[in-house]
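The values are calculated or read from the model by the stated rules, or taken from the named source; none is laboratory data. Bear in mind that the values here come from a model prediction, so they are computed numbers and not experimental data. Because the Cβ atoms are built from the backbone with ideal geometry, glycine has one as well, and the counts that use them run over all protein chains shown.
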Amino acid sequence: MSVVDPSIFKAYDIRGVVPEQLDEEIAYRIGRAFVRVVNPGRQGNQVVVGRDMRVSGPMLFAAVARGINDEGVDVIDIGMSATDMYYYACATTGAPGMMITASHNPKEYNGFKMVREMPYLLSGDEGIQEIRRLVEANRFGPAAAARGTVRTMDVREGFVTKVLSLIDVDRIEPLKVVIDAGNGMGGVMADAVYERLPVQLVRLYFEPDGTFPNHGGDPLLPENRAELEKRVVAENAHCGFAFDGDADRFFSVNDRGAFVPGDFMTALLAREFLRDHPGARVIYDLRASHAVPDTIRAAGGVPLMNRVGHAFIKKRMKDEDAVFAGEVTGHYYFRDFFCADSGIIPSLKVMEMLSRHHCKLSDLLKPLEEHYFISGEINVPVAQAAEKLARLEERYKDAQLLHLDGLSVEYPDWHFNVRPSNTEPLLRLNLEAKDPELMARKRDEVMEIIRS
């Protein structure tokens, strides 16, 4: 009997190393437990299941589908897909779902992102720990007398139509863009969508390959986007795009080959949405540069700060009827896409933005770069995260402190957030100051406390 490692049940999903932490038996139990937690009988007695390109995906699909079927529930198999396509399938069928993915984690990982009913996802506070208890107890009993079935569904055409409906296709000008799909699911989606637009694509690593043969699946790491940055300049392209492994995150490089921080992209996209939706609410995460709320207010919108995490932001979007949301790590959410995050939609909005303003992406970014000086997210391996946070709180006790997610410290001329990773033994630091010298000095000061 497989031993259950409780650490795989995280704040936003289930994620672990295959097969050491997540094997066929555990996946089977997770399938049965998921049915009992979400009770899909009122939603057609069916569950959407998708998977990304990871090598362990077919094995985990077979096991989790068997668990769902043994509870007497049908499986809608959407095949190998991006996570935003999976959200589309859940929303349009009205069914709960399980996406088999470990997002940007290394190739030996896999896991499950779980939808109760769009846009509400299971989280550590809402359902995931309940699944853990059921999996650990393993008291499921025999299979249902009427086992469920597995049927396939191709949702790609509907998905492409939906995402293209969110922009003015006729507005898009002939542009050249380099896209690095990183052997993840983004290449499949980009080909299907961009063939409908007057955009010249330069393709890097569009072939899905769960071994990640060319570089890692997290474009936030500089080494994973270095080639993209060089190719944008070499190709004289208007910009470059990258996606993480399951293509629910979006990253961009400007026409000069410079990486665009997620908070600056959130600010630019928010301004575009507020042009079309005056006075709307926009959600941003607490790590973000002040550029985000300042830009939202200047554009006549209402900025709403939120804790980190897609399960929490989707719920807040629905509750507040927010038109758009962005996180510094490349998650962008859209009210008209079921309050879900998508990798392909922000790429389309950037194309629309460049066409609307008839200028370079670097020109749009320049005012932000001249007024807001940010460290970017710095990840530090730590063994005792709580102890480090306590030391930081004591050191900066004269500041305005916030404990919404980790520790946020606010001074008049600089601020930072430090929070533990929900997927790795890391502390993540984001810091901003009024000038580059102060930013560098305070960044180093905080880093010394974390590392000491």
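Data overview
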{"item": "When residues of region 231-257 are limited to those that are part of a loop (DSSP other than H, G, I, E, B) and touching a helix residue (DSSP H, G or I) at 6+ places or on another chain (Cβ under 7 Å), the one nearest to ARG54 (Cα to Cα)", "result": "ASP246"}
{"item": "Test result for VAL55, crowded, with 21+ Cβ neighbours inside 10 Å and at pLDDT 95 or above", "result": "no"}
{"item": "Test result for MET447, over 28 Å from PRO106 (Cβ atoms) and either in contact (Cβ under 8 Å) with a residue 60 or more places away in the chain or outside any helix (DSSP H, G or I) (or both)", "result": "no"}
{"item": "Boolean, LEU429 is over 30 Å from ARG275 (Cβ atoms) and touching a residue at least 40 places away in the same chain (Cβ under 8 Å)", "result": "yes"}
{"item": "Hits in region 288-308 (condition: within 17 Å of the chain's Cα centre (by Cα) and either buried (at least 19 other Cβ atoms within 10 Å of the Cβ) or assigned by TED's automatic domain parsing to the domain that holds VAL418 (or both))", "result": "ALA288, ASN306, VAL308"}
{"item": "Sole residue being more than 20 Å from MET114 (Cα to Cα), surrounded by fewer than 23 Cβ atoms within 10 Å (Cβ to Cβ) and among the acidic types (Asp, Glu), chosen from ASP319, ASP285, ASP276", "result": "ASP276"}
{"item": "Condition met for PHE373 (aromatic (Phe, Trp, Tyr) and either surrounded by fewer than 22 Cβ atoms within 10 Å (Cβ to Cβ) or touching a Cys at 6+ places or on another chain (Cβ under 9 Å) (or both))", "result": "yes"}
{"item": "The one condition in (1) closer than 26 Å to MET317 by Cα; (2) in contact with a strand residue (DSSP E or B) (Cβ under 7 Å, 6 or more places away or on another chain); (3) not charged (D, E, K, R) that ALA267 fails to fulfil", "result": "(2)"}
{"item": "Whichever residue in region 387-414 is out of contact with any helix residue (DSSP H, G or I) (no Cβ under 8 Å at 6 or more places or on another chain) and touching a residue at least 24 places away in the same chain (Cβ under 8 Å) and, among such residues, is farthest from LEU426 (Cα to Cα)", "result": "LEU402"}
{"item": "Residues satisfying the stated conditions in region 59-117, i.e. under 14 Å from the mean Cα position of the chain (by Cα), of a type in the set (Asp, Glu) and closer than 12 Å to VAL47 by Cβ", "result": "none"}
{"item": "Residues satisfying the stated conditions in region 417-439, i.e. among the acidic types (Asp, Glu) and over 19 Å from the mean Cα position of the chain (by Cα)", "result": "GLU432, ASP435, GLU437"}
{"item": "Some residue of region 73-90 being out of contact with any strand residue (DSSP E or B) (no Cβ under 9 Å at 6 or more places or on another chain) and either part of a loop (DSSP other than H, G, I, E, B) or surrounded by fewer than 18 Cβ atoms within 10 Å (Cβ to Cβ) (or both)", "result": "no"}
{"item": "Residues being over 23 Å from PHE264 (Cα atoms) and out of contact with any Asp or Glu (no Cβ under 8 Å at 6 or more places or on another chain) - total across region 382-419", "result": "18"}
{"item": "Residue satisfying all of: in region 9-28; out of contact with any Asp or Glu (no Cβ under 9 Å at 6 or more places or on another chain) and surrounded by fewer than 22 Cβ atoms within 10 Å (Cβ to Cβ); modelled with the lowest pLDDT among these", "result": "TYR12"}
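Yes/no per residue for (1) in the same structural domain as MET265 (by TED's automatic domain parsing); (2) under 30 Å from GLY187 (Cβ atoms); (3) surrounded by fewer than 18 Cβ atoms within 10 Å (Cβ to Cβ); (4) not β-branched (Val, Ile, Thr):
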residue: VAL328; (1), (2), (3), (4): yes, yes, no, no
residue: CYS339; (1), (2), (3), (4): yes, yes, no, yes
residue: ILE344; (1), (2), (3), (4): yes, yes, no, no
residue: HIS357; (1), (2), (3), (4): yes, yes, yes, yes
residue: PRO381; (1), (2), (3), (4): no, no, yes, yes
residue: GLN400; (1), (2), (3), (4): no, no, yes, yes
residue: PRO425; (1), (2), (3), (4): no, no, yes, yes
residue: ARG428; (1), (2), (3), (4): no, yes, no, yes
residue: LEU431; (1), (2), (3), (4): no, no, no, yes
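For every residue, the table says whether it meets (1) surrounded by fewer than 24 Cβ atoms within 10 Å (Cβ to Cβ); (2) in a helix (DSSP H, G or I); (3) in contact (Cβ under 8 Å) with a residue 60 or more places away in the chain; (4) assigned by TED's automatic domain parsing to the domain that holds VAL193.
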residue: MET99; (1), (2), (3), (4): no, no, yes, no
residue: LYS107; (1), (2), (3), (4): yes, no, yes, no
residue: ASN110; (1), (2), (3), (4): no, no, yes, no
residue: LYS113; (1), (2), (3), (4): no, no, yes, no
residue: ARG132; (1), (2), (3), (4): yes, yes, yes, no
residue: ARG139; (1), (2), (3), (4): yes, no, no, no
residue: VAL177; (1), (2), (3), (4): no, no, yes, yes
